[in-house]
Amino acid sequence: MQILDLEVTWGESEPRTPFVCLLSIGSDPTTQIAALAKQKGIPLKSVSMGQGQECHARKMIMDSMSGGGWVLLQNVHLSLPFCSEVIDMLVETEHIDDTFRMWVTTEPHADFPIGLLQMAIKFTNEPPQGIRASLKRSYQAFTQDFLDYTAASQWPPLLYTVAFLHTIVQERRKFGPLGWNIPYEFNQADFAASVQFIQNHLDEMDPKKGVSWQTLVYMIGEVQYGGRVTDDFDKRLLTTFTAVWFCEGLLSNSFEFHKGYKVPNTKSLQGFVDYINSLPAYDTPEVFGLHSNADITYQINSAKGILDTILSVQPKEGGGGGGESRESIVYQLADDMLRKLPSQYNAYEVRENLMRMGILLPMNIFLRQEIDRMQKVIKKVYTCLCDLKLAIDGTIVMSPALKESLDAMYDARIPESWMKISWESTTLGFWYTELLERNAQFRTWISTDRPKVFWMTGFFNPQGFLTAMRQEVTRAHKGWALDSVVLQNQITRYNKEDISEYPTEGVYVHGLFLEGASLDRRSGKLIESKMKVLYEQMPVIYIYAINTTAGKDPKLYECPIYRKPQRTDAKYVGSIDFETDFNPKHWTLRRRGVAM
């Protein structure tokens, strides 16, 4: 990947040729443009576009066109109608000063004027791929004077470590939820602020006491980079990175971020550049704290993204070729799904059964809520499939919603209207199978008795299930308060078929998969993943509750449970504690992989 050199780009331009920067996550070029203007001694005027900013931008452009200088219009996608005025000014203004240049930054937008793109020099400033390229870009912006600004011996290694951390947090994004739950927009401003803080800290440092590592860890992990982080588990990961790297050991010659990735023992800029050039061109996932299986997940997601894009641009209308039409294929599919679709719940029967089981017991209230939601799904699917068949036959009009459902079913996707009231799945086939299996669990529970082992994956609201269980245990013990009752767990050696009795208290659950680590079945402890095994099915887990105000045991690894592999707060269910022979920080660094 070519690292952006704005000076070369500027050298190719002329006054009437604007520069258009297409923004992506963490790619704002403003600081580089300002630095180049300062270096060349050219005045720079900038304005962030939005409602009411057009008059300021207009005046800046006219002043700079006549008097010289650069104009930077940031986030032009917020003021697209103004772009046509910009084109007219560039084309129709008779005299433009030779030093005038216009810089424009915009997010990709379907309505961005094609005329401005055609006349502009277009560039993007995406972070380079790979540790070597990213470190190279960071050090390209430094000078030897910058490295020599202080005599403190801690300065060069600390600067390199911040650059390495900046690279890691950006590179982890490509692994999706394995890297970060949320793809944060870490950018050059975070890096510059961290470097500035370290300079200030070294200026005020007492040489006898040395660096206050605790302060560095807090400021970089909790404030500079951590200020962007909104997910608790992402915050835990980031603070673990900073705690492991920003310590006294960093200043020793034996320190390594990972095998082969050291801190260069040099104070010259050329020494750092030479070392960075010697780094591997390809980085293994282990460098980022991930298991090598993470690379398989990354490649699968990349391929899926390409195939989804190809599928989305395929023509939707039937051609003149042979074979069955889209409509007839979907008609047969709808017929097949209607045959297998479970019947709707009888409200009277459901109420009678709940009365028999105890309608106000926490678990039965939970069951009633789940059945209500399942009833909505069954009703929606039934109505949609019947209407789709009628529309294909020409009996009723094919509405836009039915057309969307037809296209989705043909592509094996879940129709949007079904997804809104149900659950996510990879394909329509998996989704429909899950509908049948979820319904079977509810039917058995309501007609006979609660399951001995609950299929936790089959609930709309698994958090509500765990809360109902806590309430049930709390009520069974006089004097217990719900606020101080916490969940505990035990990893059993059993499969669901082996369980024949109810637990005395709490619940047995199955259906969970472990990602990013493996399980030693005999000891119930976390161990490293098996090669090429991305998900490992868990045995039955016994979840119960105890009355305690004590905190978590620091030797246990708190493993989050998510409903789906896209790990956001909205899909977070709870946590399971694992015993491990490793330090829990090992799984925290690898933690984007270690979840259930």
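The values are calculated or read from the model by the stated rules, or taken from the named source; none is laboratory data. Quick caveat: nothing in here was measured; it's all calculated off a predicted structure. Here Cβ is always computed from backbone atoms with ideal geometry, including for glycine, and neighbour counts include all displayed protein chains. Please note that ligands, DNA and RNA were not included when accessible areas were found on the heavy atoms of the full protein model with its side chains. Shrake-Rupley method; radii C 1.70, N 1.55, O 1.52, S 1.80 Å.
From largest accessible area down, sort F582, F123; use a 1.4 Å probe on the protein chains.
Descending order: F582, F123.
How much mean residue ellipticity at 222 nm does the chain get from its helices, if each DSSP H run of length 4 or more adds -39500 (n - 2.57) and you divide by all residues, to the nearest 500 deg cm²/dmol?
Details: 21 runs with 261 residues, N = 596.
It lands at -13500 deg cm²/dmol.
Might you work out the accessible area of T504 for me, using a 1.4 Å probe with all protein chains in place, and round it to the nearest 10 Å²?
Counting only protein heavy atoms, the figure is 150 Å².
Would any residue of segment 428-452 have its amide N under 12 Å from a label point 7 Å out along Cα→Cβ of F513? List them or say none.
Within reach of a label on F513, which here means backbone N under 12 Å from a point 7 Å along Cα→Cβ, segment 428-452 contributes nothing.
Sort the following peptides by mean Cβ neighbour count (other Cβ atoms within 10 Å, averaged over residues), highest first: 62-73, 248-259. Don't skip to the answer; put the middle values down first.
On the way: 62-73: 18.7, 248-259: 12.2.
Top of the packing list down: 62-73, 248-259.
Using only the Cα atoms of segment 95-177, build the gyration tensor, take square roots of its eigenvalues as a ≥ b ≥ c, and label the shape rounded, prolate or oblate: rounded if a/c is under 1.5, else prolate if a/b is larger than b/c, else oblate.
Oblate, since a/c reaches 1.5 and b/c is not below a/b.
Under a Cβ-only charge scheme (Lys and Arg +1, Asp and Glu -1), can you give me the dipole magnitude of the chain about the Cα centre, in debye to the nearest 20?
It works out to roughly 1840 debye.
If the reach is capped at under 15 angstrom between alpha carbons, list the aspartates and glutamates near K136, excluding any in the same chain fewer than eight residues apart.
Filter leaves D5, E126, E171, D274, D283.
Want the number for I329 to Y282: 0.36 nm per residue separation, take away the alpha-carbon distance, what's left?
Once the chain is fully extended between I329 and Y282, it gains 12.4 nm.
Using a ≥ b ≥ c from the Cα gyration tensor of the chain (square roots of the eigenvalues), is it rounded, prolate or oblate, where a/c under 1.5 gives rounded and otherwise the larger of a/b and b/c decides, a/b for prolate? Write down the numbers at each step before the final one.
Values: a/c = 2.44, a/b = 1.35, b/c = 1.81.
In terms of gyration-tensor shape, oblate.
Determine the dipole magnitude for segment 1-146: charges of +1 sit on the beta-carbon of Lys and Arg, -1 on that of Asp and Glu, nothing else is charged, the reference point is the Cα centre, and the result goes in debye to the nearest 20.
500 debye
Which residues in segment 429-453 have a backbone N closer than 16 Å to a point placed 7 Å from the Cα of A476 along the Cα-to-Cβ line?
Counting backbone N atoms under 16 Å from the label point, the list is 450-453.
What's the extension gain from M62 to M355 if we count 0.36 nm per residue and subtract their Cα-Cα distance?
97.6 nm
Please report the accessible area of S343 (heavy atoms, 1.4 Å probe, ligands and nucleic acids excluded) in Å², nearest 10.
Approximately 80 Å² for this residue.
Leaving out ligands and nucleic acids, and using a 1.4 Å probe, what accessible area per residue does the chain come to in Å²?
It amounts to 50 Å² per residue over the chain.
Net charge within 13 Å of C55 by Cβ-Cβ distance, Lys/Arg positive one each and Asp/Glu negative one each, not counting C55 itself?
-1
Can you tell me the FRET efficiency between D411 and K208 if r is taken as the Cβ-Cβ distance and R0 is 60 Å, rounded to the nearest 0.05?
Taking R0 as 60 Å, the efficiency between D411 and K208 is 0.30.
Taking a ≥ b ≥ c as the square roots of the Cα gyration tensor eigenvalues, with a/c under 1.5 meaning rounded and otherwise prolate when a/b beats b/c, else oblate, which class fits segment 437-596? Before the final figure, lay out each step's value.
On the way: a/c = 1.67, a/b = 1.25, b/c = 1.33.
Oblate, because a/c is 1.5 or more while a/b does not exceed b/c.
Taking a probe of 1.4 angstrom, what is the accessible area of D145 in Å², to the nearest 10?
Rounded to the nearest 10, that gives 120 Å².
If a helix is a whole DSSP H run, which ones in the chain reach 30 Å or further along their own axis (Cα) and hold a mean Kyte-Doolittle hydropathy of at least -0.5?
Details: long enough: 362-393 (47 Å, 0.07).
Helices meeting the span and hydropathy rule in the chain are 362-393.
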